[in-house]
Every structure is written in C-alpha cells, then in structure tokens.
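Written out below as structure tokens is the structure these notes cover.
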Amino acid sequence: MRQITFGIGILVLLASVGGMLSWSQHRTIAQTQVAAASNGITLTEDPTPPPGFASSSDMVANDTQVVGPIATPRTPPEGSKEYRSEHYRFSVFYPDSLQAQAYDEDKGEQTITFQNPDAGQGFQIFIVPYGARQVSADRFKQDEPSGVMKEPLDIQIDGVTGTTFKSKDTFLGETREVWFIHDGYLFEITTPISLDAWLASIMTTWKFI
C-alpha cells in the first residue's frame, strides 16, 4: 500500500505554503469529456467511468521488465537535477534544492520522495507493478484510503494519457494527485494542493526512457 513518507517537519510547511493555481493549462481535453486512449486511468468496476478518466480497454499491460536501449542522460536546465530510474524507465527534472530519496517496498513497489523542508516544498512518486490498463475501484481504494477523487482531468505525460485530481490525505490535507500507467507500472504522484502549479511544471519535464 502507498505510504506518504514526508517527514513530520515538512507536513505542516507543505500544507501551508504557496497558493493554488489550476492545472487547466496542462489538460488535453475538457473535464466533462472522456479520453479514448487506453493508457489512462479508469475505475473499470464502475458502470460509468467518472468524467476525466480514460475509457475502458481490453488490452493487457506488459507486466514484465521492459528490455531495449535506454535513452542517455539529459542535461537539466540551470537550477535543476535529473532524477533517473533505469529500472522503471523514466527521467524527470526537479529543483536542485530538493533532496531525492528512494525507498524500496514489497512486491517491486518503490516510493521516491523529493523534499526541502526549509522551503516547504516536496512531492512523492509511488510506483507499483500493475498488469492492467486501467485502475480498478479496489486498487484506487487501496492506494487512496480516503476514497476522495475531485475534479479529475485528463493530462498527457510524455504521450501517455493519465489523470490528475484533487484528493485528501490524513496528514497533508488536500492533495494534488497525478496517476498514469506505463509498461506494466502504475505511477502515483502526490503533493499538497498548495504546490499544485509547482508540481505541474515539474511534470512537464517527465520522459520515459
């Protein structure tokens, strides 16, 4: 199960810093529409997918480790670093003021935290092997115990259709979530809602390698 691993000191800071801006400039379709791509997130056990979630597909995700050439490291812009995972095959630029730490969990899961408690900034990536193209209602409840999913929007993450939405965490309060599936893995990115626009700018640098 996903764990929010931000330290106690950063919790209060993250919950209180910054103003919220909309993700609307990053969405690819209107909130009331449903995407046709198969890589998006769908609560497939629901009779009708909620607005903003991609439509269902019978395709089966690749649940084995991807093989093939890996892209070379990228040169980050000034003030940024590249976080690169050759196992999960992704790269993302993040502010060099943040400290990145990876925590291996059970069954191939991993949690990666990026945080700067002094600046009140941080986000988390949770990665879990997932052999389906859509997120089931059970999986959503397992990873999002609050069951809260507000204002879902379809977005594109390096060509993969995902979903961003507002949720709620016991410690962080209201959160911004970004979920997408790629090559047999479910990626879940979380930050306090006050860092909404900040996280959106970081996610534009995400590349699959």
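The values are calculated or read from the model by the stated rules, or taken from the named source; none is laboratory data. Computed from a predicted model, the values in this text were never measured in an experiment. All Cβ positions, even for glycine, are placed from backbone atoms using ideal geometry, and neighbour counts span all protein chains on display.
Restricting attention to region 105-131, the residues that are among the polar types (S, T, N, Q) and surrounded by fewer than 19 Cβ atoms within 10 Å (Cβ to Cβ) total 2. Scanning region 127-142 for residues that are of a type outside the set (Lys, Arg) and touching a Leu at 6+ places or on another chain (Cβ under 9 Å) returns 127, 128, 129, 130, 132, 134, 135, 136, 137, 140.
Checking each residue in region 57-104 for being assigned to a loop (DSSP other than H, G, I, E, B), modelled with pLDDT under 95, surrounded by fewer than 11 Cβ atoms within 10 Å (Cβ to Cβ) and acidic (Asp, Glu) picks out 58, 86. Of the residues making up region 171-193, those that are within 22 Å of residue 147 (Cβ to Cβ) and either out of contact with any helix residue (DSSP H, G or I) (no Cβ under 7 Å at 6 or more places or on another chain) or in contact (Cβ under 8 Å) with a residue 60 or more places away in the chain (or both) number 16.
Within region 105-126, the set of residues being in a strand (DSSP E or B) and touching a Leu at 6+ places or on another chain (Cβ under 7 Å) comprises 114, 115, 116, 121, 122, 123. Counting only residues that are of a type in the set (D, E, K, R) and within 16 Å of the chain's Cα centre (by Cα), which one in region 87-109 is nearest to residue 76 (Cα to Cα)? Filtering region 87-109 for residues that are of a type in the set (D, E, K, R) and within 16 Å of the chain's Cα centre (by Cα), the one nearest to residue 76 (Cα to Cα) comes out as 89. Residue 181 - would you say it is within 21 Å of residue 94 (Cβ to Cβ) and hydrophobic (A, V, I, L, M, F, W, C)? When the stated conditions are applied, residue 181 does not pass them. For the subset of region 159-209 comprising residues that are at pLDDT below 95 and assigned to a loop (DSSP other than H, G, I, E, B), which member is surrounded by the most Cβ atoms within 10 Å (Cβ to Cβ)? Checking each candidate, the answer is 172.
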